[in-house]
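Okay, so here's the structure we're looking at.
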Amino acid sequence: MSRTVTVALGDRSYPILIEAGVLARAATHLAPLARGRRMAIVTDEHVRGHLATLQASLDAAGIASEAIVLPPGEKTKSWAQLESLCDRLLDLGIERGDHVVALGGGVIGDLVGFACAILKRGCGFVQVPTTLLAQVDSSVGGKTAINTRAGKNLIGAFHQPSLVLIDPDVLDTLPAREMRAGYAEVVKYGLIDDPDFFAWCESHGAALLAGDAAAREYAIGHAVAAKARIVAADEHETNGIRALLNLGHTFGHALEAETGYSQALLHGEGVAAGCALAFAFSAAQGLCSATDADRVAGHFRAVGLPDGLAAAGIPAAGATLVAHMRHDKKMAAGTLPFLLARGIGQTYLDKTVDLAAVERFLDAQTR
Ligand code: GLY
């Protein structure tokens, strides 16, 4: 099965191709962007196998390529790695009209995208995401960034790729925990505005995570189409539509900050716990039914994702977590916008949330 989704952004529109096995045929799609020149591929040490597949495809098509292999992990999204990557791309003679291939998860996509946003004031890039999280979220929509000592993703730019190539088969070698963490971002699309898709997740999520290829492809296509719609409606997150994608992230980032953005809690695990908390908080405020909040937590629990503070390994310490929230980059004029819900598929942005109420709610959490 092959599906193409377009991100409709006028003259910056681009296709996202979702096709099992496409990595081995990547040259077909990359050749027009290579323009007969050598292509740079940036990747990390964890995906050397996928790099070999991609380079074999380019070799067979007579396209020369040069691989830059970076260390894996969040620390790679740094000023130091950005500087060294830009220098290496300049040494390779990358021109404005060239395209750099980002082969990897969110870290590689964010770093390479940002390097390409600033290299010669902007060159092209192609996203070839190799984790579920990157396939359904970070590779689409042009958010690029590095981290600084003040926090995550604080230096970056909106810079859209020219093409996204998604090969669901590369997920066969993704560790189960990372797969589950990426799945939280899939469920998020149902929670935002698509209750039927959430119901689909309840019925098919376990099979997807057990390796059901048809379920996996369907979910990726559905999630990517939802993200493409949202990005086309609000590319720069200015009218409240794209902000919906932050569901679960305000609570989730506080949990990630508390665990030092470490392996103790992966980003997707923070998003799962964060979505469950956003629904539980909405229920506690009388905005949505306890049944819906329980359904959300129940699904995350059923697939082995954290459904709240205890499952995320965090003691209910409201003041500590709210202190982390106060450092959120979305904080403006003393107010923090929250994504709350009136029900499953009825998420909305609320700028009137009282952080003292959030603190009391977190202190009362038992799950
Ligand atoms: N990952 C959220 C966004 O792309 O807006």
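The values are calculated or read from the model by the stated rules, or taken from the named source; none is laboratory data. These numbers were taken from a predicted model, which means no experiment stands behind them. Here the Cβ positions follow ideal geometry from the backbone for every residue, glycine too, while neighbour counts run over all protein chains shown. The protein model used for the area step is the full one, side chains on, heavy atoms only, and it has no ligands, DNA or RNA in it. Shrake-Rupley method; radii C 1.70, N 1.55, O 1.52, S 1.80 Å.
Couple of notes before you dig in:
- Tensor-based shape of region 212-252 (alpha-carbon gyration tensor, a/c under 1.5 rounded, otherwise prolate or oblate): oblate
- Relative contact order of region 117-247, taken over Cα pairs closer than 8 Å and 6 or more residues apart, is 25 percent.
- Translational D in µm²/s for region 110-258 (Stokes-Einstein at 10 °C, 1.306 mPa s, Kirkwood Rh from C-alpha pairs): 98
- Residue-normalised accessible area of region 173-257, given per residue in Å² at a 1.4 Å probe: 33
- Amide H contacts of E66 (H built 1.01 Å from N, in plane; Pro and chain starts excluded): M39, A40, I41 sit under 5 Å, all sequence-distant by 5 or more or on other chains.
- Per residue, the Cα convex hull of region 127-212 amounts to 121 Å³.
- Spatial offset of region 1-60 relative to region 234-257 amounts to 28 Å, using the alpha carbon center of each.
- One compactness figure for region 176-252 is 1.12, namely its Cα radius of gyration divided by 2.2 N^0.38 Å.
- Taking all protein chains as they are arranged and a probe of 1.4 Å, the heavy atoms of D169 leave approximately 60 Å² accessible to solvent.
- Relative contact order (%) - criterion: Cα under 8 Å, at least six apart; region: the chain: 14
- Note on the chain: helix-only mean residue ellipticity at 222 nm, from DSSP H runs of 4+ residues weighted -39500 (n - 2.57) and normalised by residue number, equals -14000 deg cm²/dmol.
- Sequentially through region 168-183, phi angles give Karplus couplings (6.51, -1.76, 1.60; θ = phi - 60°) of x, 5, 5, 6, 4, 9, 6, x, 4, 5, 5, 4, 4, 4, x, 5 Hz, Gly and Pro residues having no value and appearing as x.
- Ranked by how many other beta carbons lie within 10 Å on average, peptides 216-227, 65-76 from highest: 216-227, 65-76
- Here the alpha carbons of region 36-144 define both size measures, Rg and Dmax, at 12.8, 36 Å.
- Value of Rg to Rh for region 301-367, rounded to two decimals, is 0.99; Kirkwood radius and Rg both from alpha-carbon coordinates.
- Compactness check for the chain: Cα Rg over 2.2 N^0.38 Å is 0.97.
- Legend: translational diffusion of region 47-92 by Stokes-Einstein, Rh = Kirkwood radius over C-alpha pairs, 10 °C, 1.306 mPa s; D = 130 µm²/s.
- The chain - charge dipole about Cα centre, Lys and Arg +1 at Cβ, Asp and Glu -1, debye rounded to 20: 600
- Only lysines eight or more places from K75 in sequence, or on another chain, were considered; those with a Cα closer than 19 Å are K143, K152.
- Take every DSSP beta bridge whose two residues both sit in the chain; close to 45 percent of them are antiparallel.
- Averaging the sequence gap over all C-alpha pairs within less than 8 Å and six or more residues apart, then dividing by the number of residues, gives region 270-359 a relative contact order of 29 percent.
- The orientation-averaged projection of the convex hull spanning the C-alpha atoms of region 224-367 amounts to 8.4 square nanometres.
- Using a probe radius of 1.4 angstrom, the carbon and sulfur fraction of the accessible surface of the chain is 52%.
- Solvent accessible area, Å² - F158, 1.4 Å probe, full protein context: 90
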